[in-house]
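Enquirer: Could you have a look at this structure, given as structure tokens, before my questions?
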Amino acid sequence: MRPIRARRWLGTLWVGLRLSTVGGVAERGRLAVMAAGFAIAGALVLHALSLPTALARYDHRAARRSGIALQRVDRNLPAATLRWFLPTSFFGRPVDVYVLEGSPGSAVPPGIPRLPSPGEAFVSPALADALASPSGSLLRPRVPGRVVGVIGEPGLLEPDELIAYVGAAPDLKLRRRFAEQVTAFTPEGSSSAPLSPAALVLLSLAVLSVLLPLGLFIWTVSRVSAAVRELRLARIRLVGGTRQQARVVAAAEVLVPAIAGVLVASSTSDVTRSFALHAVSALIGHGFFERDLVLPAPLTAATVIGIPLLAVVIALASLRRVNVSPLGVAHRTRSRQARAVWPLALTLGLLGLIACWAGREPLRRLPGGMSATLLGVPLASTLMGLAGTVPFLVRVAAGHLAARASSPSSLLGARRLEAGPSSAGRAAASLAALSGLAIVLEAIFASASARQMPPGVAALERADLVVSAVEVPPTQRRGFWLSVADVPGVLGIDISNITPSGARCGPRCVGVIHTDGDPATEERVRNVTDRIAHAESAEQVRADYVGWGSRAVRLLTFGGLFVVIVTAASLLTTAIDGVLERRRALAALHAIGAPGRVVAGSLLWQAALPMGTALSLAIPMGSAVAALLFAFADQEVSLPWGPIGVTAAAAAALTLVVTALSLPWARSTADPSSLKAE
């Protein structure tokens, strides 16, 4: 009996596969939309999963290049390599110059065949190009030695890195007490530091901002043409199919476009990897090799298998609230009163934060864990209520717009959202929750950066250079500053014994050099100072204080843009699905003389209303939560209006893009043949 039952289930599965690939124009359009959606989701998942792999490979190369180093020279290790680090920069790009000294048996850094002899240098390909450029003469004095070779890829952290290995020569006048003693260049000698709480928060938000919108996007794609497929399942029940057979057919119908989509995504990953490389480099702040983003085979296979399985699970789970019978389809829906709970949760969360602010003095005296819990509960309630309130508001706004519609396009779009708000509401909910959380975190990092910058650092002009002469003997500092003042383009020097950060360092130990703003002037100053002192631009000095905060804000801004893009993709999929589902109704509109701008306007409303509702609620709620949290700590808040404006502008632009991309599908309904029943 079991072989017969297996053949019966395989036959049912084959029927479902056949049903997903046959049909008219509308059916082929739905199949193409689903396959394209799964291809986009597959590409995003593949590249998102490659980011931890790329970071691990980058850290491995960095650890190997650092090697096992002793900070003090041990004369009992004659075979070790002495290493001096002479950092500099060239037109804003960091240049790492390592001076090496060793014996024939000493450790050799990765990427070069041997240690450079005195007067020799191995340089990276990017540094070789910089030295050969017309402005390379400004950098040549800081890379001493004759270039005898190029550092190979194993010795580079990124393709455009500027790095040089120089042989130690007597004229460099290097002191052994400033050298490191490297016994081996292996990654085992360096261990990564544990992540800070701020980094853990950012990492958690990054994972959430990727997985949540992608999961909702896959859900949206899996539900394309759900109403048509449910009617087809009812016909299968009418001819004698069982509930289990109908579920197998439903799974098979979504399996075909899912498999096709992920196969397209995996086969075109080499083409899309270059785009992902530029995006990841801009997001992280440093470059990667293209091979760093190549996902290991097990993860690739898990993605190719997992996305179709997830689509099948979604298709089967969506049937739990659908009663498919031979007489038709009936949906079990939740009561509207239950959806009104989310605005109540949002209101209670805000009131709880206000209560914490009002009672902040006794709350601060509680143990840390208890006070954090009392503050975290209303915060979680606010974010959950924000996510749940947006779909509720989208439906309410659509109803009010339909009741007061002044044009057929707004009426058509509002009625469509009111009739089927689920897909658009889910996409808008993820956008609102993650945008509100991002605003809070951006305010925290931006305010922390603004508070910790000393007044002396904030007062630096854009064209200023800060030179530390601590290593210059006090008796030679007057001549040193005179040599700096003689550099063409230097307008003046403010010499002090206090650094811009407020630290005391000795007589005439630091100077703020005012230049004419020409980048070449900065390079000429470095040629004078970088051997015996350290010069930093005003931007580099500020980066020591705002670097982490600005990188965090940039990461959160990129995360917000990613959420907006995926939300727009979900709304586009929903819009195209709606056009295909109402193909005959839209064709009837065209047949009675309705202009094309009516349908185009309705598509614009279907994209603009969910996106606008989500951001209109997320921006004030996120700002209010940030203000309350800072008021609780008695600190001044600095709201990130720049990233907020970028996110809002991106949402407005993508709303127009969604409308433009869905117009060709709407125009196809103008054909009178669409009135025919398929």
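The values are calculated or read from the model by the stated rules, or taken from the named source; none is laboratory data. Note that this is a predicted model, so its numbers are computed, not measured. FYI the Cβ positions are ideal-geometry reconstructions off the backbone, even for glycines, and counts take in every protein chain you see. Note: areas computed on protein heavy atoms with side chains; ligands, DNA, RNA excluded. Shrake-Rupley method; radii C 1.70, N 1.55, O 1.52, S 1.80 Å.
Enquirer: Within the set of pairs 6 or more residues apart or between chains, which connect a residue that is farther than 10 Å from residue 575 by Cα inside the stretch 593-607 to a residue that is among the charged types (D, E, K, R) and surrounded by fewer than 19 Cβ atoms within 10 Å (Cβ to Cβ) with Cβ atoms less than 8 Å apart?
Expert: 596/667
Enquirer: Residue 130: more than 29 Å from residue 289 (Cα to Cα) and surrounded by 21 or more Cβ atoms within 10 Å (Cβ to Cβ), yes or no?
Expert: No, not satisfied.
Enquirer: Looking for whichever is assigned to a helix (DSSP H, G or I) and either at pLDDT below 75 or in the same structural domain as residue 394 (by TED's automatic domain parsing) (or both) here; the options are 313, 280. Which one fits?
Expert: 280
Enquirer: Kindly indicate the residue of the stretch 253-275 that is touching a Ser or Thr at 6+ places or on another chain (Cβ under 8 Å), β-branched (Val, Ile, Thr) and under 17 Å from residue 14 (Cβ atoms) and also surrounded by the most Cβ atoms within 10 Å (Cβ to Cβ) among those meeting that condition.
Expert: Among those that are touching a Ser or Thr at 6+ places or on another chain (Cβ under 8 Å), β-branched (Val, Ile, Thr) and under 17 Å from residue 14 (Cβ atoms), it is 254.
Enquirer: Same structure again: Can you list residue pairs whose Cβ atoms sit under 8 Å apart, with the first residue in the stretch 109-129 being without any contact (Cβ under 8 Å) to a residue 12 or more places away in the chain and the second being outside any loop (DSSP other than H, G, I, E, B)? Count only pairs 6 or more apart in sequence or on different chains.
Expert: That search, which allows pairs on different chains as well, returns nothing.
Enquirer: Based on what the data block shows, is residue 299 modelled with pLDDT of 80 or more, open to solvent by less than 50 Å² (accessible area, probe 1.4 Å), farther than 15 Å from residue 34 by Cβ and under 22 Å from the mean Cα position of the chain (by Cα)?
Expert: It is false that residue 299 is modelled with pLDDT of 80 or more, open to solvent by less than 50 Å² (accessible area, probe 1.4 Å), farther than 15 Å from residue 34 by Cβ and under 22 Å from the mean Cα position of the chain (by Cα).
Enquirer: Next question, about the same structure. From the list 57, 64, pick out the single residue that is basic (Lys, Arg), open to solvent by 20 Å² or more (accessible area, probe 1.4 Å), in a helix (DSSP H, G or I) and in contact with a Ser or Thr (Cβ under 9 Å, 6 or more places away or on another chain).
Expert: One residue alone meets the criteria, 64.
Enquirer: Quick one: count up the residues across the stretch 418-442 that are open to solvent by 10 Å² or more (accessible area, probe 1.4 Å) and under 18 Å from residue 576 (Cα atoms).
Expert: The total comes to 7.
Enquirer: Oh, and also: Residue by residue through the stretch 231-252, note down the ones that are open to solvent by 70 Å² or more (accessible area, probe 1.4 Å) and without any contact (Cβ under 8 Å) to a residue 24 or more places away in the chain.
Expert: Matches in the stretch 231-252: 235, 239, 244.
Enquirer: Sticking with this one: Pick from the stretch 446-461 the residues that are open to solvent by 20 Å² or more (accessible area, probe 1.4 Å) and within 15 Å of residue 641 (Cβ to Cβ): which of them is modelled with the lowest pLDDT?
Expert: 450
Enquirer: Let me ask something additional. Being open to solvent by less than 50 Å² (accessible area, probe 1.4 Å), at pLDDT below 80, under 30 Å from residue 430 (Cβ atoms) and part of a helix (DSSP H, G or I) narrows it down to one residue among 579, 564; which is it?
Expert: Answer to the check: 579.
Enquirer: Please give the number of the condition residue 642 fails out of (1) more than 30 Å from residue 664 (Cα to Cα); (2) among the small types (Gly, Ala, Ser); (3) buried (at least 17 other Cβ atoms within 10 Å of the Cβ).
Expert: So residue 642 meets the others, but not (3).
Enquirer: Another question, then. Just one of (1) buried (at least 17 other Cβ atoms within 10 Å of the Cβ); (2) of a type in the set (Lys, Arg); (3) at pLDDT below 75 trips up residue 177, so point out which.
Expert: Answer for residue 177: the failing condition is (1).
Enquirer: Just give me the residues in the stretch 458-475 being of a type outside the set (Ser, Thr, Tyr) and over 41 Å from the mean Cα position of the chain (by Cα), in sequence order.
Expert: Selection gives 471, 472, 473, 474.
Enquirer: Going by the conditions given, is residue 414 closer than 21 Å to residue 600 by Cβ and open to solvent by less than 10 Å² (accessible area, probe 1.4 Å)?
Expert: Taking the combined requirement at face value, the residue satisfies it.
Enquirer: If the requirement is being at negative phi, touching a helix residue (DSSP H, G or I) at 6+ places or on another chain (Cβ under 7 Å) and among the small types (Gly, Ala, Ser), which of these qualifies: 105, 167, 155?
Expert: 155
Enquirer: Which of (1) modelled with pLDDT under 90; (2) under 22 Å from residue 520 (Cβ atoms); (3) not in a loop (DSSP other than H, G, I, E, B) is the odd one out, the single condition residue 144 does not satisfy?
Expert: (3)
Enquirer: Could you check how many residues of the stretch 582-610 are small (Gly, Ala, Ser) and outside any helix (DSSP H, G or I)?
Expert: 2
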